[in-house]
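The values are calculated or read from the model by the stated rules, or taken from the named source; none is laboratory data. Being a predicted model, the structure only gives us computed values, none of them experimental. Cβ placement follows ideal geometry from the backbone for every residue including glycine, while neighbour counts extend to all protein chains displayed.
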Amino acid sequence: MSRPLRALVRRTAFRHNLEMARRAAPHARLLAVVKANAYGHGLLRAAEGLAGADGFAVLELDAAVRLRDHGHAGPIVLLEGCFDPSELRVCSELRLTAAVHNLEQVAMLEQARLAAPIDVFLKLNTGMNRLGVPPAQVAVAHARLRSCANVGSLTLMTHFATADDARGVQWQLDAFTRMTAGLDLPVSMANSAVLLRYPQLARGWARPGIMLYGASPFPDRTGIELGLEPAMTLESGVIAIQELEPGDSVGYSAAFTAGERVRVGVVACGYADGYPRHAPTGTPVLVAGRRTRIVGRVSMDMLCVDLTHLPQAGLATPVVLWGEGLPVDEVASAAGTIGYELLCAVASRVPIVDLD
Ligand SMILES: *Cc1c(COP(=O)(O)O)cnc(C)c1O
């Protein structure tokens, strides 16, 4: 028998979650965000499950090339645009859409020699202060792109910093409205949080990512609570049992010490597989479908779970680290992070298995 750890991926979940995005924003065109190897799910597998989207968005040029190679003929947007002129040429040849977020990228487009014009998403900085043209440069960026022979269609794009919390989007939306006054162009504003919470802003090209994988963009709600289905279930098994007497401890730093008799299962999954090392004792886990907790320090290849109240659990009993029956959002929250980070961190040594 091989090491029991695997990431099970259900392609029907992608279709369901895409349908939820359509229902939330029926008039939006949906760019399925498949950056970071489709949030750890495998680019081509996710793209196949999300083939009903109106296009894709990625960070990595090689991912865009792979999508084209595999027959995805619709729009593919590079969310950080091009980093050098050779990337612009690939964009032009493969009809990729490039974000342009500063005047340097405008100049690069002006100076490029391209076979065909490139469609551009002009990214505006409305307050996130990460990427985007500042208010004072919008007019000049727009004018230069408009008169550049290497530029095809133009779309105005922005990204919201606080769509998932009480501060909301209005402050950035006001900035966007001021910055785009007089420009009659299509827009792209909504990530998952915006699409679900402010569907009226999902007009034009929406850019849902995390929700398509069945996880939540919100700190206080799980994917299941939003009607989403987890695309990935990270599953492993018990590979050893330890019976701790009171005073015995388990794992590195003896971080967990038994106060009474504790039956511990050792599970084949550690931080080298992508499980967060900082997940503390008490982080939820499913053993044979029943909820229990991890105990002690997560190590590189293993973690330990409390089987004291699961006497039927033994060697080879299946363990779900997250996914069906245990939202990744809950595990992430126990570990002080977000579902996004856990999904993206699943290591390449973990085999991905298609369930349907
Ligand atoms: C990653 C990303 C998204 C998707 O965000 P989710 O929160 O996963 O929906 C949308 N837009 C941009 C610019 C991104 O970088």
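Assess whether LEU228 counts as being assigned to a helix (DSSP H, G or I), buried (at least 24 other Cβ atoms within 10 Å of the Cβ) and either within 19 Å of the chain's Cα centre (by Cα) or within 15 Å of the ligand (Cβ to nearest atom) (or both).
Taking the combined requirement at face value, the residue does not satisfy it.
Somewhere in segment 4-17, is a residue within 28 Å of SER348 (Cβ to Cβ), of a type in the set (Phe, Trp, Tyr) and part of a helix (DSSP H, G or I)?
Checking segment 4-17: at least one residue is within 28 Å of SER348 (Cβ to Cβ), of a type in the set (Phe, Trp, Tyr) and part of a helix (DSSP H, G or I).
Going through VAL90, VAL120 one at a time, which residue ends up being part of a strand (DSSP E or B), in contact (Cβ under 8 Å) with a residue 24 or more places away in the chain and touching a Leu at 6+ places or on another chain (Cβ under 7 Å)?
VAL120
Which condition breaks for VAL138 when tested against (1) within 13 Å of the ligand (Cβ to nearest atom); (2) in a helix (DSSP H, G or I); (3) of a type outside the set (S, T, N, Q)?
Condition (1) is where VAL138 drops out.
May I ask you to list the residues in segment 167-224 that are more than 13 Å from the ligand (Cβ to nearest atom), closer than 21 Å to ARG11 by Cα and either modelled with pLDDT under 95 or of a type outside the set (A, V, I, L, M) (or both)?
THR222
Among the residues of segment 44-60, how many are surrounded by fewer than 22 Cβ atoms within 10 Å (Cβ to Cβ) and either part of a helix (DSSP H, G or I) or more than 14 Å from the ligand (Cβ to nearest atom) (or both)?
Count: 6.
Could we say that ALA64 is touching a Cys at 6+ places or on another chain (Cβ under 7 Å), crowded, with 23+ Cβ neighbours inside 10 Å and either in a helix (DSSP H, G or I) or free of Cβ contacts under 8 Å to residues at least 24 places away in the same chain (or both) here?
no
Which one is farthest from LEU43 (Cα to Cα), of the residues in segment 311-344 that are buried (at least 16 other Cβ atoms within 10 Å of the Cβ) and small (Gly, Ala, Ser)?
ALA313
Could you identify the single residue in VAL250, VAL266, VAL262 that is touching an Asp or Glu at 6+ places or on another chain (Cβ under 7 Å), under 30 Å from GLU324 (Cα atoms) and either in the same structural domain as LEU307 (by TED's automatic domain parsing) or at pLDDT 95 or above (or both)?
VAL262
Test each condition in (1) more than 25 Å from the chain's Cα centre (by Cα); (2) hydrophobic (A, V, I, L, M, F, W, C); (3) within 16 Å of the ligand (Cβ to nearest atom) for PHE83 and report the one that comes out false.
Only one criterion in (1) more than 25 Å from the chain's Cα centre (by Cα); (2) hydrophobic (A, V, I, L, M, F, W, C); (3) within 16 Å of the ligand (Cβ to nearest atom) is unmet by PHE83, namely (1).
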